[in-house]
Every structure is written in C-alpha cells, then in structure tokens.
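Encoded as structure tokens, the structure appears first; notes follow it.
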C-alpha cells in the first residue's frame with residue numbers, strides 16, 4: 001500500500017494535463033537557449049528565442065506570451081532594464097530570470113525590477129520547467145481563494161484547517177504552508193528548491209532532508225485519515241503527493 | 001616633481017620681485033622729496049646767516065669769514081662775486097650767471113675738488129657734478145651764491161639703494177631656500193607615497209607609505225593613511241582571490257578527476273545503455289557536488305570581498321532561531337537527535353536576515369551531521385548587553401583542541417577520511433557571514449561536545 005501511495009512517476013511526466021504554452025526565451029548563449037527550447041518543445045510548448053535584449057523587448061511587446069524566460073546579463077539591453085521596460089509598457093507576462101549572479105542582493109534586485117522568479121545558473125531543466133508551469137497563467141484557484149479543494153482534500157486558508165473528506169487533519173504551521181503550496185500548484189511538479197523558497201524562505205541548500213521529512217509527515221497524516229475510513233467517491237486512492245524522480249513533488253487529486 | 005620645484009622657485013622669485021620692487025619704489029619716492037626739501041631749507045638758512053656776515057665796506061674780509069664758516073664739515077660751497085660778476089671768493093664755478101633764487105647747475109668735469117672723494121668713485125667726478133645753488137644779491141650789488149653738491153644726496157640715495165638691494169636680495173635668497181626646502185620636504189614625502197604605490201604595483205604587496213605622526217596627521221599623513229587603507233583593502237581582496245584559486249585547485253580538481261575517470265571507464269567498457277545510463281547518473285551527481293562546492297566558494301569569496309552590499313535591517317535572532325529550529329526539528333527527530341530552542345525574548349541585531357538564517361542553518365546542519373544519534377543540540381539567542389549572542393551547542397563527541405582552532409578554515413574537516421557528507425565549507429561560509437555583520441564567531445569546548453558562538457554587536461538603543 002505504501003508503495004502504491006508513494007509511487008514514483010517518471011520525470012518526463014513533469015506536468016499532468018499540461019496545456020501548450022507560448023514561451024519567449026531571451027538568452028544570448030546559444031547553447032543554453034537551445035537546451036531550454038528543446039526541453040520546452042518536448043513538453044509541447046511553442047518557443048521563440050531572442051538573442052539579445054532589444055529583440056527580446058520587441059518580441060515581448062509585439063506578441064503575447066505565457067511566460068518569458070530571460071538571462072539577466074544580455075547584450076543590447078540588460079535583463080533588469082528589459083523587465084522594467086516590459087512592466088512600464090504594461091506587459092504583465094510572468095518573467096523568470098536566469099542568472100549567474102546568485103547573491104542575496106542580486107536576487108532582491110531582480111525581483112524588485114519586476115521579475116516573478118529567479119533561477120541561478122547552472123540549473124536543471126526540470127527545475128526550470130517546474131517554475132515555468134508554476135508561473136503560467138492557469139491558476140486552478142483564484143489567488144485570493146479562501147478555500148482550496150483538491151478532490152476530497154480541503155484546505156481553508158482563513159481558518160487554517162485541513163479536511164480530508166469528513167476528517168479533520170491537524171498540521172503544523174510549516175506542514176500547512178507546504179500543503180497549501182502543493183494545492184495551489186495541483187497537478188504540477190514543484191521542486192524541492194521551490195518548496196524551500198516558498199515555505200521556509202530558505203535560499204540555500206539546507207544540507208539535510210528538511211523537505212523530504214515534512215512531505216513524509218504530511219503523507220503519514222493523510223494516510224492515517226484514509227486508513228481511518230474516508231470513503232472515496234471516485235473509488236481511486238484519493239488525493240496524494242507523488243514523488244517525481246529527479247524533479248520534486250506533485251499533488252494529484254486521485 | 002622636478003618641474004614642481006622649478007615652478008615653485010619661479011613663482012617665489014616673481015612674487016618677491018613684485019613685492020620688493022613696488023615697496024622699494026614707494027620708499028624711494030617717499031625718501032627723495034624730504035631730502036630735496038631739506039637741501040633747500042638748509043641753503044636758505046645758511047644764506048641768511050652768510051648775509052649777516054657780509055660787510056659791504058670790506059668784501060674781502062667778509063669773504064674770509066664766509067669761507068671760514070663754510071669749511072666746517074657741514075658747510076656749503078659758495079661764491080662771492082662783485083656787481084660785475086667777478087669772483088671775489090669761493091669755489092663755485094664762474095661760467096654761469098647766477099640769477100637770484102634757486103637753481104641747479106652742472107659743473108664741468110673736475111671743476112671743483114670733490115670733497116667726498118673717499119666715498120665716490122672716479123667715474124662720478126669725470127661726469128661732473130650737479131650742484132643745487134641759492135643766489136642772493138647783497139645790498140651793495142655783490143652776488144652771494146651757496147651751493148650743495150647733490151652728489152652727497154645721490155650717495156645717500158645710492159647707499160639706500162645698495163642696502164635695499166642687499167637686504168631684499170638676502171631676504172629673497174633666504175625665502176627661496178626655506179620655501180624650496182619646505183616644498184622639497186613635502187614633495188619628497190609625496191614621492192615616497194608614489195614610490196610605495198610603484199612598489200606595490202610591482203610585486204611587494206606588503207609595502208606601506210610612511211606616516212610621520214598618525215595621531216596628529218597633517219595633510220600628507222592623511223594622504224599616506226588613505227593610500228595605506230586602500231592598499232590594505234586591495235591586499236585583502238587579492239588574498240581572497242588567491243585563496244579562492246588555491247581552493248579551486250585543491251578541492252575542485254579531485255571531484256573533477258573522479259568525474260573524468262567515471263566517464264572514461266564507461267566509454268572504454270562494452271557499450272550498453274544500462275552502463276552508460278549508470279555512468280551518466282553518476283557523472284551528474286558528481287557535477288552537482290562540484291557545483292555545490294563552487295557555489296559555496298563563490299559565496300564566501302563574494303562575502304569576503306564585500307560585494308554583497310544589500311542594506312542591513314533590524315533582524316530578530318530569536319525569530320531566525322525559531323524558524324531554523326522548526327525547519328530542522330522533524331528530520332533531526334527522525335534521526336534520533338533533539339533540537340532545543342532557547343530564545344524566549346526578541347534579540348535584535350542589524351543585518352541581512354537571509355544571510356543570518358543561512359549561517360544558523362549551516363551551524364545547525366553541521367551539528368546534526370557530525371554528531372552521533374541521541375545527541376541534543378541547543379540553539380540559543382540572548383542579549384548580553386554590548387553583544388547579541390547566537391549559539392549552537394551539542395553534547396556530542398566534540399572536536400579536539402587542535403582541530404577546533406582550524407574549524408572555520410575552508411575545506412577543513414575533522415575527519416580527514418571524508419566519510420561523512422559535507423564539503424568542508426559550511427562553517428567557513430558561516431564565518432564569512434559573521435564577518436560581514438562584524439560579528440565574532442568562536443568554537444569552544446562544550447565538555448562534552450562543541451559550542452559555536454556568534455557575538456553580534458548590539459544595535460543602538462532605539463532598536464532594542
């Protein structure tokens with residue numbers, strides 16, 4: 001039973017029900033651009049590549065994209081200025097910065113300029129892909145929704161309660177925050193790094209199994225209630241947190 | 001530097017000539033007028049006296065009396081002539097008509113014996129003399145003329161001029177010598193600073209510009225101290241860069257060599273998807289390891305170089321400790337270790353929260369990784385007045401004294417066998433973060449176990 005619940009899914013299935021997106025990659029390093037574009041195309045997305053900041057700005061202003069991935073240091077126009085120009089031009093497309101600059105100050109600077117996420121080079125494609133999917137404008141819930149529901153799993157953000165069917169689940173604050181983030185990104189892979197950043201505000205490698213331990217505690221609590229006799233309407237296993245090998249975790253409804 | 005000296009000398013001389021020249025001219029003019037007026041006054045006085053000596057019945061006796069009087073050292077030249085301008089007595093030349101009143105006459109060369117021969121030179125006598133004369137017509141029609149050789153006043157003026165030139169020349173030379181000496185001393189000190197910079201741009205990073213009196217610190221000392229501060233900063237940056245390259249050579253080469261061996265082993269073996277996949281997975285792991293080390297080294301170098309210049313804000317160490325303990329507690333408990341938090345009150349410091357969190361996380365992770373199961377790790381945040389202390393104490397096996405002294409060095413590991421995980425950079429990074437916050441980090445024997453203390457300077461009163 002445990003094996004079935006903790007089933008690992010292959011890393012190619014990075015996002016269930018993924019809808020094709022249009023992604024703009026602004027990157028002067030051809031190899032990185034090709035690597036990113038190939039990965040995104042394998043996920044079924046359409047990709048446009050701009051080799052410098054000016055082309056990037058032109059494309060982003062001219063066409064509509066779901067996500068923009070851009071290098072921070074670009075010829076023609078620096079990434080920071082590019083984002084500022086886009087925002088000034090009323091373009092609210094989510095932007096992910098790729099950068100070799102990983103310091104605290106650099107990160108803050110990037111986000112203040114109007115970027116939505118920040119990934120330090122070198123990065124793995126699965127990490128980038130998870131972040132692209134998380135940013136894409138297909139929210140399963142309204143950002144301000146008080147109640148998140150995934151299958152029979154229900155999380156109330158105001159009362160800070162979690163229910164599985166008719167059973168209440170008692171979660172510690174960080175477990176609650178972790179489950180909340182997984183639910184907001186239901187059916188999408190979230191990586192360990194994303195969880196560290198969003199749940200703990202840790203922007204470094206904690207060197208121990210913080211995320212793994214918390215995930216397994218949440219799983220155990222869900223499992224206890226399931227064993228306690230929640231009837232599954234669909235007849236399936238109910239909501240569960242899947243481990244995606246080499247990528248992260250994904251909450252699915254059944 | 002040479003040209004600076006020449007410029008200073010030229011400027012000094014020009015300034016001097018201007019000041020002394022104008023004051024000399026002014027003095028000359030002021031001096032000349034009273035002297036000329038004085039001559040006229042004395043001539044009039046003397047003439048009135050001589051008139052009284054004159055007896056019209058005996059011009060010759062009168063002439064003798066006048067002559068006797070004018071022989072005195074302060075006497076005048078004179079000439080007594082009868083009504084027909086025939087000389088009766090006196091030395092003044094005959095060639096001119098002496099009209100009553102003041103006049104200046106020129107004598108032909110050597111016309112009269114020069115009574116001031118001891119003072120004037122030959123050339124003077126050769127060109128003749130200029131004599132100021134005052135003439136009056138006596139009641140019997142005789143003409144009496146008194147004259148003062150202007151050579152006397154000219155000599156006075158010459159004496160003044162000579163004295164003036166001599167003293168001003170001496171003053172100019174003295175000022176020039178003193179000024180150039182002073183300028184040279186300053187220039188030499190500046191040259192020394194310049195030479196220090198040259199020496200540093202050569203090889204010798206240890207050279208510093210001489211500072212005469214750091215306490216008083218004149219302008220040149222201030223310059224020297226600024227240059228020295230800059231050199232200190234450059235030296236520490238260079239040291240940091242050298243350290244990084246040493247570290248890279250030392251600890252990145254080994255995992256890279258392992259990586260290459262794995263790839264080569266796979267390539268030289270029989271081709272199979274399984275073995276290639278295994279090799280690639282192994283290689284990918286190794287690369288992650290290298291990247292993590294690289295990242296840590298880079299962070300340390302950036303922190304040490306001070307390029308992480310984000311602003312400092314008020315940070316509550318107690319809150320940071322609570323967050324970190326909460327994050328690590330489940331995994332610690334799963335492995336049979338206890339995390340104890342002792343931070344009941346806010347402990348405020350100025351800093352970057354993200355960095356302080358990372359530092360404490362590193363210290364806690366270090367304590368969890370390097371201690372046996374059953375260990376208790378205590379995390380404490382407390383106010384100690386002048387300092388705010390963050391400490392991580394474990395009751396594990398501890399670290400031998402010799403090793404404890406080196407614990408914050410890069411790549412230093414207590415067990416050289418490297419069987420436990422870790423890059424040997426966690427505590428170095430913690431030390432670098434402490435140093436950015438002007439905090440003192442110490443490793444102590446907790447008997448048993450290890451105690452790491454980070455003492456932050458307390459912020460000013462209004463924050464606490």
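Bear in mind these aren't lab numbers, they're just calculated from the coordinates by the rules spelled out. Because the structure is a prediction, the values reported are computed rather than measured. Note: ideal-geometry Cβ built from the backbone for every residue, glycine included; neighbour counts use all protein chains shown.
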*At 7 Å along the Cα-to-beta-carbon direction for both residue A:145 and residue B:53, put a label point, then send me their distance in nm to one decimal.*
14.0 nm
*asked:* Using helices alone, I'd like the mean residue ellipticity at 222 nm for chain B: each DSSP H run of four-plus residues gives -39500 (n - 2.57), total over residue count, nearest 500.
replied: -19000 deg cm²/dmol
*How many partner chain Cβ atoms sit within 10 Å of a residue's Cβ in peptide B:351-360, on average, as a whole number?*
3
*What is the extension gain from residue A:157 to residue A:34, computed as 0.36 nm multiplied by their sequence separation minus the C-alpha to C-alpha distance, in nm to one decimal?*
40.2 nm
_For chain B: relative contact order, % (alpha-carbon pairs under 8 angstrom, 6 or more apart)_ = 9 percent
*Got the relative contact order for the stretch A:141-252 handy, in percent, Cα pairs under 8 Å and 6 or more residues apart?*
30 percent
*How would you rank B:186, A:218, going from fewest to most other Cβ atoms within 10 Å of each one's own Cβ?*
B:186, A:218
*Whole-Å distance, taken between Cα centres, linking the stretch B:49-72 and the stretch B:75-92*: 11 Å
_Kirkwood Rh, angstrom, the protein assembly as shown [1 / mean 1/r, Cα pairs]_ = 35.2 Å
*Run through all the Cα pairs of the stretch B:23-104 and give the fraction in each 5 Å bin from 0, expressed as whole percent.*
3, 12, 21, 21, 18, 9, 7, 5, 3, 2, 0, 0
*Quote the FRET efficiency, to the nearest 0.05, computed for residue B:256 versus residue B:195 with a Förster distance R0 of 56 Å and r equal to the Cβ-Cβ distance.*
0.80
_FRET efficiency for residue B:68 and residue B:218, using Cβ-Cβ distance with R0 set to 45 Å, rounded to 0.05_ = 0.05
*Mind checking which of A:105, A:39, A:53 has the largest fluctuation in a GNM of chain A, springs on alpha carbons under 10 Å?*
A:105
*Would you mind calculating the gained length between residue B:265 and residue B:225 on full extension (0.36 nm times residue separation, minus the Cα-Cα distance), in nm to one decimal?*
8.5 nm
*Residue-averaged [θ]222 nm for chain A, counting only DSSP H segments that reach four residues, each worth -39500 (n - 2.57)*: -10500 deg cm²/dmol
*What angle, in degrees between 0 and 90 and rounded to the nearest 10, separates the Cα long axis of helix B:150-202 from the longest principal axis of the Cα atoms of chain B?*
10 degrees
*Gyration tensor (alpha-carbon) shape descriptor, the stretch B:256-390, a/c threshold 1.5*: oblate
_Rule-of-thumb Rg ratio for the stretch A:22-135 [Cα; 2.2 N^0.38 Å; N residues]_ = 0.94
*Once the Cα atoms of the stretch A:73-148 are picked out, what are the Rg and Dmax in Å?*
13.9, 46
_Please report the projected area of the stretch A:141-252's Cα convex hull averaged over all directions, in nm²._
7.1 nm²
_Where only C-alpha atoms are counted, convex hull volume of the stretch B:313-463 per residue in Å³_ = 101 Å³
*Find the Cα radius of gyration of chain A, compare it with 2.2 N^0.38 Å by division, and give the number to two decimals.*
1.07
_the stretch B:197-348: relative contact order as a whole-number percent, Cα under 8 Å and 6+ apart_ = 16 percent
*Work out the mean other chain Cβ neighbour count within 10 Å for the residues of A:209-220 and drop it here as an integer.*
3
*Listed peptides A:55-61, B:143-149, B:322-328, B:209-215 by packing density, highest first (mean Cβ within 10 Å)*: B:143-149, B:322-328, A:55-61, B:209-215
_If packing is taken as the average count of other Cβ atoms within 10 Å, what order do B:398-405, A:75-82 fall into, highest mean first?_
A:75-82, B:398-405
*asked:* For a quick check, take a GNM of chain A with Cα springs below 10 Å and name the residue from A:207, A:84, A:172 with the largest mean-square fluctuation.
replied: A:207
*Working from Cα positions, state the angle (0 to 90°, nearest 10) between the long axis of helix A:104-113 and the longest principal axis of chain A.*
80 degrees
_Whole-number D in µm² s⁻¹ for the stretch B:172-313, Kirkwood Cα-pair radius fed into Stokes-Einstein, 20 °C, 1.002 mPa s_ = 105 µm²/s
*Once both axes come from the Cα atoms, what is the angle between helix B:59-70 and the longest principal axis of chain B, in degrees from 0 to 90, rounded to 10?*
20 degrees
*Cα centroids of the stretch A:162-187 and the stretch B:153-199: how far apart, whole angstrom?*
90 Å
*asked:* Quick check: pseudo-label points 7 Å beyond the Cα along Cα→Cβ at residue B:447 and residue B:17, how many nm apart are they?
replied: 8.6 nm
*Using 7 Å Cα-to-Cβ label points, what is the residue B:241/residue B:30 separation (nm, one decimal)?*
6.7 nm
*For the stretch B:351-408 and the stretch A:13-78, distance of Cα centres in Å*: 43 Å
_Could you give the length gained by full extension between residue B:281 and residue B:164, i.e. 0.36 nm per residue of separation minus their alpha carbon distance, to one decimal place?_
32.1 nm
*Counting only other chains, what is the mean number of Cβ atoms within 10 angstrom of the Cβ of each residue in peptide B:340-350?*
0
*Ratio of chain B's C-alpha Rg to 2.2 N^0.38 Å, to two decimals?*
2.27
*Estimate the FRET efficiency between residue B:294 and residue B:5 by the formula 1/(1 + (r/R0)^6), using the beta-carbon distance for r and 56 Å for R0, to the nearest 0.05.*
0.55
